[in-house]
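Undergrad: Sharing a structure here in structure tokens format.
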Amino acid sequence: QVQLVESGGGLMQAGGSLRLSCAASGRAFSRYAMGWFRQAPGKEREFVAAISWSSGSTYYGDSVKGRFTISRDSARNTVYLQMNSLKPEDTAVYYCAVRVGTVVLTRPADYDYWGQGTQVTVSS
């Protein structure tokens, strides 16, 4: 079993920055991919970013490219999402997720474990 705990959400003005953290426990993650998704009220869950734990390769959704950066700290089993140049449309609950497998995919259904989510609100 994998446990994921997100932190770092909050309220920020447009143009500001936040960093989300996701602490993972329960398994060795060398053959996993980890991703961030978000879900705004009334909308489907959306892919934000993902990283291959073994290679460090990163992938981003089109709406966050150039503004968000995903990274990992293998020693701490933690994944980060640095969010810069925040926009009001980034407002959502952000979820960390783990996929069992080294191939990074972008659909929520491809991920096996989920955190509880952390709220990010960006004011204009």
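Undergrad: Name the residue, out of VAL98, VAL120, that is touching a helix residue (DSSP H, G or I) at 6+ places or on another chain (Cβ under 8 Å) and part of a strand (DSSP E or B). Even if it seems obvious, please write down each step before you answer.
TA: Numbers: VAL98 fails: touching a helix residue (DSSP H, G or I) at 6+ places or on another chain (Cβ under 8 Å).
The match here is VAL120.
Undergrad: Can you find a residue in segment 42-58 that is farther than 15 Å from TRP114 by Cβ and β-branched (Val, Ile, Thr)?
TA: yes
Undergrad: Sticking with this structure for a sec: In segment 93-110, which residue that is under 12 Å from the mean Cα position of the chain (by Cα) and over 18 Å from SER71 (Cα atoms) is surrounded by the fewest Cβ atoms within 10 Å (Cβ to Cβ)?
TA: PRO108
Undergrad: Tell me the strands (runs of 3 or more DSSP E) entirely within segment 1-69 that contain at least 3 residues that are buried (at least 17 other Cβ atoms within 10 Å of the Cβ).
TA: Values: elements: 3-7, 10-13, 18-25, 32-39, 46-52, 58-60.
Qualifying strands (runs of 3 or more DSSP E): 18-25, 32-39, 46-52.
We did not get these values from a lab; they are worked out from the coordinates using the rules stated. On a predicted model such as this, the values are computed, not experimentally measured, just so you know. Using ideal geometry, Cβ is built from the backbone for each residue, glycine included, and neighbour counts are taken over all protein chains shown.
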